[in-house]
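The values are calculated or read from the model by the stated rules, or taken from the named source; none is laboratory data. Note that the structure is predicted; figures quoted are calculated from it, not measured. Cβ coordinates were reconstructed from backbone atoms using ideal geometry, including for glycine residues, and neighbour counts include every protein chain displayed.
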Amino acid sequence: MAVRPADLRDDIGQILLSEEQIAAKVAELGARISADYAGRPVTLVSVLKGSLPFMADLMRAIDLPLRIDLMEVSSYGGNSTESSGLVRILKDLSASIEREDVLIVEDIIDTGLTLNYLVRYLRGKNPASLRICTLLDKPARRLVEIPVDYIGFEIPDQFVVGYGLDYGELYRNLRFVGVLKPEVYGAGGPEADAE
Ligand code: 5GP
């Protein structure tokens, strides 16, 4: 696919969440998290690459002593439209989270399979507590029930890009979350190229 930076915005059919809406929600989540942890230190664990902008903004909206760590995972097996729940760790934690209060920072929960794996993996590292914060939640496609402590926005069953989320590795740098025009998708459909 040719990279056409100036045209990326033209590929968006509908803006679902504006930059202002996202900023207001991030501030609200940061305030709630700061109040809930009441001064206790927290370790934010974010999952690359899609959560990068959310993590960067959320950590600055939290008024607590905090550490951050980054993981990168990829799904394998399954087919192009459904993740299999088998997850490969491409980048592991760089420090122990034993006895730490850990908050997972996710961009989007779709089927929940990736997060389900991650929660079990991180629980095995004996954190003092483990909570989940996601910017976007697509409950319509959930295959495993996971209690999510902080949810930014519930969105309909549409494939979205922007604010970290990609299609074919592009669109992550858009400041808003939007839906691509149908003609932008290749033959495989929107989820063929998803992370
Ligand atoms: P799950 O295991 O919950 O089905 O998959 C979550 C991952 O799938 C997300 O971290 C994200 O990488 C990808 N994903 C799910 N829905 C979307 C979407 O609407 N847009 C984009 N760009 N990626 C998505």
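Before moving on, here are some points about what is shown:
- Meets criteria (within 11 Å of the ligand (Cβ to nearest atom), closer than 20 Å to L48 by Cβ and modelled with pLDDT of 95 or more) for L113: no
- Residue match in the range 71-80 (condition: among the hydrophobic types (A, V, I, L, M, F, W, C), surrounded by 13 or more Cβ atoms within 10 Å (Cβ to Cβ) and at pLDDT 95 or above): yes
- Test: residue in the range 173-181 that is outside any loop (DSSP other than H, G, I, E, B), modelled with pLDDT of 95 or more, near the ligand (Cβ under 10 Å from one of its atoms) and surrounded by 14 or more Cβ atoms within 10 Å (Cβ to Cβ): yes
- Residues in the range 84-104 that are within 16 Å of V47 (Cβ to Cβ) and buried (at least 18 other Cβ atoms within 10 Å of the Cβ): V87, I97, V102, L103, I104.
- Taking residues in the range 93-108 that are under 17 Å from M59 (Cα atoms), and partners anywhere that are polar (S, T, N, Q) and in a loop (DSSP other than H, G, I, E, B), the pairs with Cβ atoms closer than 7 Å and at least 6 places apart or on different chains are V105/S51; E106/S51; D107/S51.
Yes/no per residue for (1) touching a residue at least 40 places away in the same chain (Cβ under 8 Å); (2) in contact with a Cys (Cβ under 8 Å, 6 or more places away or on another chain); (3) more than 16 Å from the ligand (Cβ to nearest atom):
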| residue | (1), (2), (3) |
| --- | --- |
| R40 | yes, no, yes |
| V45 | yes, no, no |
| S129 | no, no, yes |
| P139 | no, no, no |
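- Residue check, Y121 aromatic (F, W, Y), within 9 Å of the ligand (Cβ to nearest atom), part of a helix (DSSP H, G or I) and surrounded by fewer than 21 Cβ atoms within 10 Å (Cβ to Cβ): no
- R131 within 15 Å of the chain's Cα centre (by Cα), among the charged types (D, E, K, R) and part of a strand (DSSP E or B): yes
- A count restricted to the range 36-70 and to residues that are in a loop (DSSP other than H, G, I, E, B) and surrounded by 15 or more Cβ atoms within 10 Å (Cβ to Cβ) stands at 5.
- Scan of the range 141-155 for residues that are of a type outside the set (D, E, K, R), more than 10 Å from the ligand (Cβ to nearest atom) and in contact with a helix residue (DSSP H, G or I) (Cβ under 7 Å, 6 or more places away or on another chain), ordered by number: Y150, G152, F153
- Restricting attention to the range 1-35, the residues that are surrounded by 13 or more Cβ atoms within 10 Å (Cβ to Cβ) and either hydroxyl-bearing (S, T, Y) or at pLDDT below 90 (or both) total 4.
- The set of residues in the range 145-155 being at pLDDT 95 or above, of a type outside the set (D, E) and within 16 Å of D110 (Cβ to Cβ) consists of V148, I151, G152, F153, I155.
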